[in-house]
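One structure is given here, and the rest of the page talks about it.
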Amino acid sequence: MTTLIFGHKSPDTDSLGSPLIWEWFMNHTGNTAEARLLGTPNTEAGFVATRWGFDLPQIITDVADGQAVVIVDTNNPAELPANINGANVIAIIDHHKLVGGLETAGPIDITIRPLACTATIMHNLMGDHAAHMPDAIKGLMLSCIISDTLGFRSPTTTAVDKALAQSLAADLQIDMAAYATEMFEAKSDVSSFSDAELLRMDSKEYAVGDTKFRVSVLETTAPAIVLDRKASIMASMTAVATEDGVDQVLLFVVDILNEEATMMIPNALSKTVAEASFGATVSGDTVVLPGVMSRKKQIIPNLKTS
């Protein structure tokens with residue numbers, strides 16, 4: 001049976017690149033595997049796929065009973081197909097906190113490490129096989145690291161991620177800073193997306209007690225493009241929350257270059273969250289959070305509702 005490899009819904013560069021990287025590795029080591037997506041990737045991920053010569057994997061909405069799968073870049077059932085517990089999960093490779101809720105038919109191989117990027121973990125797991133990676137796979141791996149570390153600006157960055165990225169860039173003879181600029185410019189081009197699409201583009205569901213949030217992050221070198229639309233985006237938050245079965249959408253516009261996030265404040269609940277979670281003083285419909293760059297390390301762990 002062909003093993004399907006996929007990451008989370010609302011795929012970013014790591015959740016597109018890592019399934020393709022692991023597809024190569026599994027096939028290289030004598031298995032049969034194919035990458036899949038659980039949604040349309042963001043603009044940066046699409047740019048990366050084109051840059052390194054990959055067609056986008058097929059998008060799937062669910063998995064069949066007994067289907068062999070490898071889950072990457074998440075372990076959260078809310079970010080996975082509805083029937084994930086009916087599938088035959090054979091491995092999880094991730095760098096997020098353990099959420100719980102997945103059930104498997106038997107023992108599986110789980111690797112969750114405190115690194116900035118799933119692709120970095122994959123390189124470590126490959127061992128000597130990593131020396132056989134073609135340039136296109138190296139390019140994907142480099143792209144994933146640059147994306148997840150925001151060009152080494154994110155507090156999630158580790159020395160392991162940075163050293164691997166530098167080694168890959170040297171092998172590929174790529175100016176990493178110039179390439180990162182290209183990637184971030186592609187990520188910042190969101191003019192063609194609706195407000196609802198922006199809110200779901202890079203988002204994760206997370207509960208604080210009985211309150212369910214969709215925590216959305218837009219990482220950009222041009223925050224004004226998004227902030228100029230704040231009135232219509234905030235007006236769309238209620239409909240998106242209702243459609244997605246959450247109590248509130250929280251949106252953080254991360255300014256990559258200035259290393260800060262602007263949180264939109266459409267109502268009293270979001271104001272309470274901002275003040276309780278980040279010690280902010282909110283006086284308008286946005287608040288700037290200096291130094292906040294990472295949803296995984298700085299936003300979600302700090303979320304409070306009182």
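Quick note: the coordinates plus some simple rules give every number you see, no bench work behind them. For clarity, every value in this text was computed on a predicted model and none was experimentally measured. In this analysis, Cβ positions are derived from the backbone assuming ideal geometry, glycine residues included, and neighbour counts consider all displayed protein chains.
Let me know the shape class of region 1-74, please: from the alpha-carbon gyration tensor, a ≥ b ≥ c as square roots of the eigenvalues, rounded when a/c is under 1.5, otherwise prolate if a/b is greater than b/c, or oblate. Oblate, because a/c is 1.5 or more while a/b does not exceed b/c. Applying 1/(1 + (r/R0)^6) with r as the Cβ-Cβ distance of Ala239 and Asp65 and R0 = 25 angstrom yields a FRET efficiency of 0.15. In a reduced charge model with +1 at each Lys and Arg Cβ and -1 at each Asp and Glu Cβ, the chain shows a dipole moment near 580 debye about its Cα centre.
Identify the residues of region 262-289 with backbone N under 13 Å of a label point that sits 7 angstrom from the Cα of Thr211 along the Cα-to-Cβ direction, or state none. Under 13 Å, as judged by backbone N against the label point of Thr211, lie 266-279 of region 262-289. Residues whose amide H comes within less than 5 Å of that of Leu218, counting only those at least five positions distant or on another chain, are Phe252, Val253, Val254 (H built at 1.01 Å from N in the peptide plane).
The phi torsions of region 162-171, fed into the Karplus equation with coefficients 6.51, -1.76 and 1.60 and a -60° offset, translate into couplings of 5, 5, 5, 4, 5, 5, 5, 4, 5, 4 Hz, rounded to whole numbers, with Gly and Pro shown as x.
Using only the C-alpha atoms, the convex hull of the chain corresponds to 124 Å³ per residue. Dipole of the chain computed with +1 at Lys/Arg Cβ and -1 at Asp/Glu Cβ about the Cα centre; of Val217, Thr2, Pro19, farthest Cα towards the positive end is Val217. Counting only Cα atoms, the size of region 3-185 along its three principal axes is 45, 33, 31 Å, in decreasing order.
Close lysine pairs were tallied over the chain: pairs 8 or more places apart or on different chains with Cα atoms under 19 Å apart number 27. Projecting the Cα atoms of Gln67, Val226, Met133 onto the charge dipole of the chain, computed from C-beta unit charges around the Cα centre, puts Val226 farthest toward the positive end. For region 195-302, the mean projected area of the C-alpha convex hull, equal to one quarter of the hull surface, is 6.0 nm². For region 196-241, the fraction of C-alpha pairs farther apart than 17 angstrom is 37 percent.
From least to most packed, judged by other beta carbons within 10 angstrom and beginning with the fewest, Trp52, Trp22 follow the order Trp52, Trp22.
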